[in-house]
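Each remark here refers to the structure printed beneath this line.
The values are calculated or read from the model by the stated rules, or taken from the named source; none is laboratory data. This is a predicted model, so every value here is computed, not measured. With ideal geometry, Cβ positions are generated from the backbone for all residues, glycine too; neighbour counts draw on all protein chains shown.
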């Protein structure tokens, strides 16, 4: 009996969980050219392997590559802030195909001017661009993609007022004059009317008479917010929120894009990151999507 219990206990030990996380951050101030450069690159890798695991389970490996690159120019009361955000994650579970868990390519540029050096308010112009690196699928169906690079892609261009409080780590931007452009540079998706573009015109038997539009332009109100907070020692939280409504197309229906990132440094060798992304768009059939990312070291 003791031998049997020993064998069972021994089999339970043959589970291997390997975690790796690496973050590299560099910062450089150039006082001659007034440029400040900040680069943050991180990589999370997690592997789970089961060997004779009596409770069952599937081997799995996942990885997440992330980067944040900031270039800021400041002279007097004028500031030009540029930010590039990239994230790409993959997951492979035994018995299934490789699946994408995260895919973000985002560029933000803000030009602002303050009347004095004391006020937190400034006149601002903002440009935002966002798309993805690779095709997206409704797993397990990988025959037809539901999204592609530049299908969709979103751009925002407008002018307004910005509130930037460094002490509270809070940034707000309000623009009553913002152009939003949606690109769907894939004919099949454009013909379907994906992501709110005008779909193809078809005859009575379904043949395409006129292909769908590959872009859609809107003019409306844009509100954005960014808030950083240190919840506890070694636990940082970053919130980003984008709200947009079009003047002419169903005014009052608000498009929402909310991103939440929490980074936790447990110790020198262990780190945890959690990401939440909620998207709501009245023009998209799949109106709500939530993605969560975990990384351990």
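For residue 216, are the conditions met, namely being farther than 30 Å from residue 114 by Cβ and in contact with a helix residue (DSSP H, G or I) (Cβ under 9 Å, 6 or more places away or on another chain)? Don't jump to the end; show me each part of the working.
Values: farther than 30 Å from residue 114 by Cβ: yes; in contact with a helix residue (DSSP H, G or I) (Cβ under 9 Å, 6 or more places away or on another chain): yes.
It is true that residue 216 is farther than 30 Å from residue 114 by Cβ and in contact with a helix residue (DSSP H, G or I) (Cβ under 9 Å, 6 or more places away or on another chain).
For the stretch 44-57, check the following and say yes or no: at least one residue is modelled with pLDDT under 90 and closer than 26 Å to residue 150 by Cα. So that I can check it myself, show each step before the final result.
As a first pass, look at the stretch 44-57 and keep what is modelled with pLDDT under 90: 44-57.
Among the residues that remain, those that are also closer than 26 Å to residue 150 by Cα are: none.
Looking for residues that are modelled with pLDDT under 90 and closer than 26 Å to residue 150 by Cα, one finds none in the stretch 44-57, hence no.
So which residues in the stretch 195-230 are within 25 Å of the chain's Cα centre (by Cα) and without any contact (Cβ under 8 Å) to a residue 12 or more places away in the chain? Walk me through how you get there before you give the answer.
Going through the stretch 195-230, the residues within 25 Å of the chain's Cα centre (by Cα) turn out to be 195-197, 214-230.
Residue satisfying the conditions is 230 alone.
Picking from 278, 266, 197, 208, which residue would you name as being surrounded by fewer than 17 Cβ atoms within 10 Å (Cβ to Cβ) and modelled with pLDDT of 85 or more? Walk me through how you get there before you give the answer.
Working: 278 fails: modelled with pLDDT of 85 or more; 266 fails: modelled with pLDDT of 85 or more; 197 fails: surrounded by fewer than 17 Cβ atoms within 10 Å (Cβ to Cβ).
Just one listed residue meets the conditions, 208.
Within the stretch 150-167, track down each residue that is more than 17 Å from residue 112 (Cβ to Cβ) and in contact (Cβ under 8 Å) with a residue 40 or more places away in the chain.
Step one: of the stretch 150-167, the residues more than 17 Å from residue 112 (Cβ to Cβ) are 150-155, 167.
Passing the criteria: 151, 152.
When residues of the stretch 151-166 are filtered for being over 16 Å from residue 122 (Cα atoms) and not in a strand (DSSP E or B), how many remain? If you could, list the steps in order and put the result at the bottom.
Here is the first cut: in the stretch 151-166, the residues over 16 Å from residue 122 (Cα atoms) are 151-157.
Of the ones still in play, those that are also not in a strand (DSSP E or B) are 152.
The number of residues fulfilling the criteria is 1.
Which of the following residues is surrounded by 14 or more Cβ atoms within 10 Å (Cβ to Cβ) and in a loop (DSSP other than H, G, I, E, B): 105, 185, 172? First the steps, then the outcome.
On the way: 105 fails: in a loop (DSSP other than H, G, I, E, B); 172 fails: in a loop (DSSP other than H, G, I, E, B).
Step by step, each of 105, 185, 172 is checked, and only 185 is surrounded by 14 or more Cβ atoms within 10 Å (Cβ to Cβ) and in a loop (DSSP other than H, G, I, E, B).
Looking at (1) surrounded by 14 or more Cβ atoms within 10 Å (Cβ to Cβ); (2) outside any helix (DSSP H, G or I); (3) over 21 Å from the mean Cα position of the chain (by Cα), which one does residue 190 not meet, given that it meets all the others?
(2)
Kindly establish whether residue 85 is farther than 30 Å from residue 220 by Cβ and in contact (Cβ under 8 Å) with a residue 12 or more places away in the chain. Outline the logic, then answer.
Working: farther than 30 Å from residue 220 by Cβ: no; in contact (Cβ under 8 Å) with a residue 12 or more places away in the chain: yes.
Against the criterion (farther than 30 Å from residue 220 by Cβ and in contact (Cβ under 8 Å) with a residue 12 or more places away in the chain), residue 85 does not qualify.
Take residue 117 and decide whether it is in a strand (DSSP E or B) and touching a residue at least 40 places away in the same chain (Cβ under 8 Å).
No, not satisfied.
Hey, can you tell me all the residues within the stretch 120-150 that are in a strand (DSSP E or B), over 20 Å from residue 242 (Cβ atoms) and touching a helix residue (DSSP H, G or I) at 6+ places or on another chain (Cβ under 9 Å)?
148
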